[in-house]
Amino acid sequence: MVAKIIDGKSLAERFEEDIKREVRELKERHKVVPLLTAIQVGENPSSAMYVKNQRKSCEEVGIDYQLHQLPETTSEEELLKFIEKLNRDDKVSGIILEMPLPSHMNARGAQMAITPTKDVEGMNPSNMGMLVYGSPRLAPCTALAAMELLKSTGVDIKGKEVTVVGHSEIVGKPITLFLLSSVMESATPTVCHIATRDLASHTRNAEILIVAVGKAGLIKGDMIKEGAIVIDVGINRVPVRDETGNPVLDNEGKPKMKTVGDVVFEEAVDKASYITPVPGGVGSLTVIMLLRNTLTAYKWQMEKRE
Ligand code: NAP
């Protein structure tokens, strides 16, 4: 069997068109567009890249984007006060706290300070709680992206054996809750983590396998059930190697790098019925889910003001 590739990029383009249209309609009807605000504390190369992508994606759909850069020396109290100011500002539709925060800050506490209606990353306990209740409004973007890719196959998940590898708050746990969120559509999830004794026995049993760990090569072809749907959330940077296994060097003599998932794609593609590529899978859709959450947050605040 050769798997069909689940094309995250084209799904992202379709969602992007829908968001663009909705933003245009809001602008025509109410003369306003949603505003996504990001808070970055100190300098960090990885969050700088996220900020750049967020700004570009917002521009593409017509959502306003504002970055607040606070110095590394900002105290936790000052950050919480700043978040409270944005919580009360009617012009602000969504708030993102760029990670990592400096080590003197409690990241979870700061995230919890974002009011639920502006929590576009879906990390506030009350939004997580709504996911537990099966009626999520704002949910973590990566989990939403993985679920949209799964749904795009058109395969019914009801009752299916699903193995989720990884149980982080931002990916594995919310995915598991989504899989259970409707009584009518519930799958049968098994969640694996670092303490799981025989990972392969669980992955081989999965009709749907969702992997979110961050370890290149963790899931090999022989760990996948014939005909399974494979959603690979992992993002890993690894050196490019030649046929003899040696690293390929760039013009400056540094090892050339590439992005891969947690699943050995070349092996999995011969076993699975559907598979997401990395790059071009979950990652392509995650930022679009952030835009969709911003729109949802905007509408939620409008309802509260009516
Ligand atoms: P994380 O917080 O580090 O969580 C990793 C999870 O994997 C943990 O639950 C950990 O279990 C589990 N784990 C570690 N080693 C394992 C093993 N050998 N077998 C089974 N489970 C194992 O990472 P994350 O934030 O969830 O991200 C996971 C991956 O997704 C990363 O590669 C990240 O870059 C990627 N990601 C992608 C997107 C996207 O848009 N595509 C967005 C976010 C994250 P314990 O907690 O028990 O140790």
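The values are calculated or read from the model by the stated rules, or taken from the named source; none is laboratory data. This one's a predicted model, so the numbers in the text were calculated from it and none came from an experiment. Heads up, the Cβs are rebuilt from the backbone with ideal geometry, glycines too, and the neighbour counts pull from every protein chain shown. Please note that ligands, DNA and RNA were not included when accessible areas were found on the heavy atoms of the full protein model with its side chains. Shrake-Rupley method; radii C 1.70, N 1.55, O 1.52, S 1.80 Å.
Table for the structure above
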read-out	value
Residue selected from the stretch 163-195 under the condition without any contact (Cβ under 8 Å) to a residue 24 or more places away in the chain and among the β-branched types (Val, Ile, Thr), by the criterion most open to solvent (accessible area, probe 1.4 Å)	Ile194
Output for the stretch 241-271, where each listed residue is open to solvent by less than 30 Å² (accessible area, probe 1.4 Å), closer than 30 Å to Ile19 by Cβ and away from the ligand (no atom under 14 Å from the Cβ)	none
Candidates Val238, Val213 - the one that is within 16 Å of the ligand (Cβ to nearest atom) and in a loop (DSSP other than H, G, I, E, B)	Val213
Matching residues, the stretch 120-134, being of a type outside the set (D, E, K, R) and either within 14 Å of the ligand (Cβ to nearest atom) or part of a loop (DSSP other than H, G, I, E, B) (or both)	Val120, Gly122, Met123, Asn124, Tyr133, Gly134
Cβ-Cβ under 6 Å pairs, at least 6 apart or on other chains, the stretch 248-261 side part of a loop (DSSP other than H, G, I, E, B), far side within 16 Å of the ligand (Cβ to nearest atom)	Gly261/Asp232; Gly261/Gly234; Gly261/Val278
Residues of the stretch 83-140 classified as in contact (Cβ under 8 Å) with a residue 60 or more places away in the chain and over 18 Å from Thr294 (Cβ atoms), total	3
Sole exception among (1) open to solvent by 10 Å² or more (accessible area, probe 1.4 Å); (2) modelled with pLDDT of 95 or more; (3) over 22 Å from the mean Cα position of the chain (by Cα) for Lys56, by number	(3)
Lone qualifier among Glu207, Glu306 - being free of Cβ contacts under 8 Å to residues at least 24 places away in the same chain and under 27 Å from Pro140 (Cα atoms)	Glu306
Candidate set from the stretch 135-162 (those that are over 27 Å from Arg108 (Cα atoms) and open to solvent by less than 30 Å² (accessible area, probe 1.4 Å)); member that is farthest from the ligand (Cβ to nearest atom)	Ile157
Check on Glu243, in a helix (DSSP H, G or I) and either acidic (Asp, Glu) or touching a Ser or Thr at 6+ places or on another chain (Cβ under 7 Å) (or both)	no
Enumeration of residues in the stretch 173-209 that are more than 11 Å from the ligand (Cβ to nearest atom), of a type in the set (Gly, Ala, Ser) and modelled with pLDDT of 95 or more	Ala187, Ser201, Ala206
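Here's the yes/no breakdown for (1) aliphatic (A, V, I, L, M); (2) surrounded by fewer than 15 Cβ atoms within 10 Å (Cβ to Cβ):
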residue: His202; (1), (2): no, no
residue: Ala206; (1), (2): yes, no
residue: Asp222; (1), (2): no, yes
residue: Val238; (1), (2): yes, yes
